[in-house]
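Quick notes on the structure that follows.
The values are calculated or read from the model by the stated rules, or taken from the named source; none is laboratory data. Remember, predicted model here, so these are calculated numbers, not experimental data. Glycine also receives a Cβ, built like all others from the backbone with ideal geometry; neighbour counts cover every protein chain displayed. We work out accessible area using only protein heavy atoms, side chains counted, and drop any ligands, DNA or RNA first. Shrake-Rupley method; radii C 1.70, N 1.55, O 1.52, S 1.80 Å.
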Amino acid sequence: MKPLVYFVANESVSSGLLRAQLLQPLEGAGLSERVEVVNLMHPMARPAQGVRRLRTLRCGIPARLYQFKLGGLLDRLVAMYYAIVLAFVIPRGSVVVARSYFSALAVAMLKRIKPIDLVFDTRSQFVQENVSAGRLQAGSAAHKRWLQIELSLLNGSAKVLAVSEAQAKYYRGVAPQARVQVIPCFSQPDKRLLGRNMRDDGRRQMGFGDEDVVICYYGSLDQKWNNIDMYADFFAACLKAGYRVCIITPSADELRSDPRFKDSEAFIERVDDPARARQLIAACDYGVIIMKKADDWESRLGVKFVEYLGAGLQVMVGEWVGAAADTVRRHFPDAGTIVAGTTPRPSSNLQQTSDAQRLDIASRAESMFGYHKMRDVFDLDAA
């Protein structure tokens, strides 16, 4: 039996996102005792606590010090250093799942040192998203180098994981021989949270009534993909239409000071307890995800989109969140609305999500995004 390793570089697995999308799915799929998580992080980052089979290597380098510098040459040099570090901790013959492009580059270099199988868990189209975000200039030496790295990783991996069909199509166009498999983000419904008692309690915590129509947003807000100005305008329109708004975000202080929310009854809070955050989400009726158009818009799915569905919510999806919009059209046409335009606005006739709807949405979401899908990452039987 080959050793199974999941490698994460330059990210802290103590963060809520990585816990929800890596540690909890491993636990839910019954793999926490079999899969070792290797987290290579810089010395000042906060390590995770109480995680089984987690090896933390605190000798990483902050990405801001090397990413895209010297025409991308520093990326390769740091990845080579990471590969040397990994050679001391990853056994020969392992199946190593590398989360994101840079992690995969380090593991690809490790392959030159010892025999292993690389599974490239792409997460997103790294090159295109950084061009859209302005961190990587199209046509630059670093851009060309990373396009070469992308091609090499696609061709050199035992398997390539994409979160959407659009992303898989892009990779197959770049590298027709690549072995690409679609495994979306993970979300496991908690049926206990779908009960009326838990929902009523969550609404009381937010100061909302049983008859209110509540629109939820969960996640970061900044000037990038989850654009704070775009969302603030959308939330203001929701409040003007008479809806209630629940915003759970690390940017709560910034948002509360926004004049668009002055004297509003919106619930805006940073919630660090994942269990409480999930209860509050499940107490809402709709979840929203909107983005500006970007180079990789067709592949965009969004962890929050999957979380909303897993919580039994109806969804409002911007047209430029391409994979999420496609999922609504194909699998949740009765539970989703696609909002168009550069200034999306909510419908004027939103209705509460019924108990029966919540159970149905959560059940369908579980079949598509449940923790059992983690076994497919390692090509293990679903038994």
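A few comments on the model shown:
- Residue-level accessible surface for E254, protein heavy atoms, 1.4 Å, Å²: 100 Å²
- Shown for segment 74-206: lysine pairs separated by 8 or more places, or found on different chains, whose C-alpha atoms are under 29 Å apart, numbering 8.
- Residue of D263, D210, D200 that the Gaussian network model of the chain assigns the largest fluctuation, springs spanning Cα pairs under 10 Å: D263
- Alpha carbon centroid spacing (whole Å) that separates segment 178-222 from segment 259-274: 16 Å
- Cα centre as origin, Lys/Arg/Asp/Glu Cβ charges: the chain dipole, Debye: 1420 debye
- Solvent-accessible area, 1.4 Å probe, carbon plus sulfur percent, for segment 214-311: 45 percent
- Segment 103-236 - percent relative contact order, Cα under 8 Å, separation 6 or more: 18 percent
- Placed amide H near G318: partners under 5 Å, 5+ positions off or other chain: I289, I290, M291, V339
- Furthest towards positive pole of dipole, F332, Y171, A20, structure part the chain, Cβ charges: Y171
- The chain - mean residue ellipticity at 222 nm from DSSP helices (-39,500 (n - 2.57) per run, n ≥ 4, rounded to 500): -10500 deg cm²/dmol
- Test item: Cα-centred dipole of segment 1-132, Lys/Arg +1 and Asp/Glu -1 on Cβ, debye: 300 debye
- Relative contact order of segment 1-152, pairs being alpha-carbon contacts under 8 Å that are 6 or more residues apart, as %: 23 percent
- Near Y66, once Lys and Arg are set to +1 and Asp and Glu to -1 for all other residues with Cβ below 14 Å from its Cβ, the sum equals +4.
- Neighbours of V89, meaning other residues whose beta-carbon lies under 10 angstrom from its beta-carbon, give a summed charge of 0 when Lys and Arg score +1 and Asp and Glu score -1.
- Relative contact order %, the chain, counting alpha carbon pairs below 8 Å whose residues are six or more apart: 15 percent
- Ordered by 1.4 Å accessible area with all protein chains kept, M44, M368 run largest first as M44, M368.
- Over segment 122-184, the alpha carbon radius of gyration divided by the compact-protein estimate 2.2 N^0.38 Å works out to 1.10.
- Whole-angstrom Cα spans of the chain along principal axes, big to small: 62, 47, 40
- C-alpha center-to-center spacing [segment 21-69, segment 93-127] in angstrom: 14 Å
- Computing Rg and the Kirkwood Rh from the Cα coordinates of segment 1-134 gives a ratio, Rg/Rh, of 0.95.
- Karplus 3J(HN,Hα) series, Hz, for segment 90-99 with 6.51 cos²θ - 1.76 cosθ + 1.60 (x for Gly, Pro): 9, x, 4, x, 6, 8, 10, 8, 9, 7
- Karplus-derived 3J(HN,Hα) values for segment 54-63, using 6.51 cos²θ - 1.76 cosθ + 1.60 with θ = phi - 60°, are 10, 10, 9, 10, 9, 10, x, 10, x, 4 Hz; glycine and proline are entered as x.
- Average accessible surface for the chain: 43 Å² per residue, computed with a 1.4 Å probe over protein heavy atoms with every protein chain in place.
- L221 long-range amide H proximity, modeled H, under 5 Å: S251
- Helix 322-331 axis versus longest C-alpha principal axis of the chain: approximately 60°, rounded to the nearest ten.
- Think of each Lys and Arg Cβ as +1 and each Asp and Glu Cβ as -1; about the Cα centre, that makes the dipole of segment 244-293 roughly 260 debye.
- Helix 165-174 and the longest principal axis of the Cα set of the chain meet at an angle near 30°.
- Other residues within the sphere of radius under 11 Å centred on the Cβ of S264, judged by their own Cβ, net out at +2 (K and R +1, D and E -1).
- Sulfur and carbon atoms: percent of accessible area, segment 1-135 [1.4 Å]: 58 percent
- The chain: angle of helix 355-369 to the longest principal axis, Cα-based, in degrees nearest 10: 10 degrees
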